[in-house]
Amino acid sequence: MTQFISVIGYPLKHSVSPDFQQAALDFYKLDIQYKARETKAEDLPSTIAELKQPQNLGANITIPYKETILHLVDEIDDFASLIGAVNTVVNRDGRLIGLNTDASGFLKALHEDAKFEPENKRVVILGAGGAARAVSLALLHEKVSFLTIANRTPAKAESLAAYLVKRATNKMNTEIAAVPWQNSKLTESIKQCQLIVNCTTLGMKCSPEEGQSPLASSLIPKDALVYDLVYNPSETPLLRIAKEAGANTIGGLAMLIYQGAASFKLWTGREAPLDIMFEAARQALLRIGG
Ligand code: NAP
């Protein structure tokens, strides 16, 4: 019997998960198909309920449902619950388990691809959605010295900062602040930081924010690392201006592959073939003009 895994989100035109996940499944000659299921909000409960059928191994959950899905699964693992966002669902005998592989994927790319050690560094996070929650908790556990969160909707940045303050222990020694979006306090935080992480959708292809950068080039310190979670296009407007400003940069592709590789292991029990996944993702991005 052919089995199925899906990626569920809206919109999904930008997603290359079907390409690199299918390449990994084919590498092992598994009779499993990975499908994109673009799902409108009103159809989400029924789409998720279908995942309980025995032919479905699970799903990736992407924007804008990583938080909504918390109410639709049967069980949430401790780490996803701590983050408050689920990006992976596993069907265990008709029970849906929600997990999060974004945080580990983000850190693996930060350490191994960008060669950046976050301990005692000052960090600015742009955005306060599901990805920002995963990234900020990961960085808190890495003991950064200062975590500043800026979001278009200030209440969400404040609520994420308040949550992080509750999670922080004395050992972490991290100062946490929410600052208004595109305001002088954000400018000040950026001037002093060593790492800027874009966790907004700004710059994402096939979104209303395509072509936009969350920051002007004059703001970017040349000795900072600019990490854009957006992976399509591979060079986002933010990464382009950061390079022009002389900063180090990393795009979202490595994180995407590493979080996908962790999900792949949860569904199949096998180590993901990373090189094959990277190659398939790069080819797919070229094909769709990323
Ligand atoms: P989300 O929960 O929907 O959050 C979206 C964020 O973007 C919110 O902070 C939102 O601000 C902000 N935003 C949207 N439009 C904006 C605009 N016009 N101006 C300023 N801010 C705006 O999405 P998510 O799951 O956190 O994902 C965020 C991004 O990260 C997406 O581009 C996604 O593809 C990327 N991502 C990449 C990876 C990877 O593996 N590379 C993994 C996860 C996510 P408001 O709160 O004000 O709406």
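The values are calculated or read from the model by the stated rules, or taken from the named source; none is laboratory data. A quick note: this is a predicted structure, and the numbers were derived from the prediction, not measured. Virtual Cβ from ideal backbone geometry, glycine too; neighbours counted across all protein chains shown.
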Residues (more than 18 Å from the chain's Cα centre (by Cα) and assigned to a loop (DSSP other than H, G, I, E, B)) located in segment 235-271 = 245, 246, 247, 269, 270, 271
From the list 207, 234, which one is within 9 Å of the ligand (Cβ to nearest atom), closer than 30 Å to residue 283 by Cβ, surrounded by fewer than 22 Cβ atoms within 10 Å (Cβ to Cβ) and small (Gly, Ala, Ser)?
-> 207
Being touching a strand residue (DSSP E or B) at 6+ places or on another chain (Cβ under 9 Å), polar (S, T, N, Q), free of Cβ contacts under 8 Å to residues at least 60 places away in the same chain and within 16 Å of the ligand (Cβ to nearest atom), is that true of even one residue in segment 172-182?
-> yes
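Would you point out which residue out of 219, 239 is at pLDDT below 95, touching a Ser or Thr at 6+ places or on another chain (Cβ under 7 Å) and away from the ligand (no atom under 11 Å from the Cβ)?
On the way: 239 fails: at pLDDT below 95.
Just one listed residue meets the conditions, 219.
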Could you list, in sequence order, all residues of segment 61-86 that are within 9 Å of the ligand (Cβ to nearest atom), more than 12 Å from the chain's Cα centre (by Cα) and surrounded by fewer than 16 Cβ atoms within 10 Å (Cβ to Cβ)?
-> 67
Hey, can you tell me all the residues within segment 124-181 that are of a type in the set (Ser, Thr, Tyr) and part of a strand (DSSP E or B)?
-> 148
Filter segment 125-160 down to residues that are crowded, with 19+ Cβ neighbours inside 10 Å, among the basic types (Lys, Arg) and more than 9 Å from the ligand (Cβ to nearest atom), then give me how many there are.
-> 0
Go over the candidates 2, 39 one by one and state the one that is of a type in the set (Ser, Thr, Tyr), surrounded by fewer than 14 Cβ atoms within 10 Å (Cβ to Cβ) and in contact (Cβ under 8 Å) with a residue 24 or more places away in the chain.
-> 2
Within segment 35-64, work out how many residues are touching a helix residue (DSSP H, G or I) at 6+ places or on another chain (Cβ under 8 Å), closer than 22 Å to residue 3 by Cβ and part of a loop (DSSP other than H, G, I, E, B).
-> 2
